[in-house]
Amino acid sequence: MMTVLQPPGWARPRGYANGIAVRAGTTVYIAGQVGWTGEGRWQARDFAGQFRQALANVLEVLAQAGGRPEHIVRMNWYVLDRAEYLASLKELGAAWRERMGRHYPAMTVVEVSGLVEPEARLEIEATAVIPEVA
């Protein structure tokens, strides 16, 4: 159902896909998730901890539609501090592999000047396509 798009001659991206084509299924749009729990409590103040919780939140919303991590086709990350993001890559990679395995959707990471939630270090939104059941 999903095909990773990799133009001939392009270097393979690390940690994301350049594009994904989907033929059929149910599209799920997941609103930006920050690093608080479903009850709105902050358990982590650091970037990596908030990333772990925000990713868990994305997957929990997706599960409500019957989706799994491998159904995510696109993610947009909004980070407050590029340097903080880069300094956390090792921890982010470990958290990613724990939750997402080796599935890498099309992704964008953008540094922004602020987020609506003042304690948030990042926000993640996602789009998923759940395959049709044959």
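Can you confirm whether region 2-14 contains a residue that is over 17 Å from V109 (Cβ atoms) and basic (K, R)?
Yes, that holds for at least one residue.
Among Y78, Y29, which is within 22 Å of V112 (Cα to Cα), touching a residue at least 40 places away in the same chain (Cβ under 8 Å), exposed (fewer than 14 other Cβ atoms within 10 Å of the Cβ) and not acidic (D, E)?
Only one candidate qualifies: Y29.
Taking region 64-75 as the search range and keeping residues that are surrounded by 13 or more Cβ atoms within 10 Å (Cβ to Cβ) and not basic (K, R), which one is nearest to the chain's Cα centre (by Cα)?
My answer is M75.
Here is a check on your reading of the model: is Q43 touching an Asp or Glu at 6+ places or on another chain (Cβ under 8 Å) and of a type in the set (S, T, N, Q)?
Here the answer is no, as Q43 does not meet what is asked.
Which residue pairs have Cβ atoms closer than 7 Å, lie 6 or more positions apart in sequence or on different chains, and pair a first residue in region 37-63 that is farther than 19 Å from A126 by Cα with a second residue that is β-branched (V, I, T) and surrounded by fewer than 17 Cβ atoms within 10 Å (Cβ to Cβ)?
Correct list of pairs: Q43/T37.
Residue check: is E119 more than 13 Å from the chain's Cα centre (by Cα), surrounded by fewer than 14 Cβ atoms within 10 Å (Cβ to Cβ), within 25 Å of L5 (Cα to Cα) and of a type in the set (D, E)?
No; evaluated as a whole, the condition is false for this residue.
Identify, from the list V129, V109, V133, the residue that is hydrophobic (A, V, I, L, M, F, W, C), in contact (Cβ under 8 Å) with a residue 60 or more places away in the chain, outside any helix (DSSP H, G or I) and under 28 Å from M1 (Cβ atoms).
Every option except V129 fails the conditions.
Take the conditions exposed (fewer than 12 other Cβ atoms within 10 Å of the Cβ), over 16 Å from the mean Cα position of the chain (by Cα) and free of Cβ contacts under 8 Å to residues at least 60 places away in the same chain and apply them to A11. Does it pass?
Criteria met by A11.
Looking at this structure, is A48 touching a helix residue (DSSP H, G or I) at 6+ places or on another chain (Cβ under 7 Å), surrounded by 15 or more Cβ atoms within 10 Å (Cβ to Cβ) and more than 18 Å from V112 (Cβ to Cβ)?
yes
Taking region 84-102 only, how many residues are surrounded by 14 or more Cβ atoms within 10 Å (Cβ to Cβ) and either hydroxyl-bearing (S, T, Y) or modelled with pLDDT under 95 (or both)?
The qualifying residues number 2.
The values are calculated or read from the model by the stated rules, or taken from the named source; none is laboratory data. In this text the structure is predicted, and so the values were computed from the model without any measurement. We place every Cβ from the backbone using ideal geometry, glycine too, and count neighbours over all the protein chains shown.
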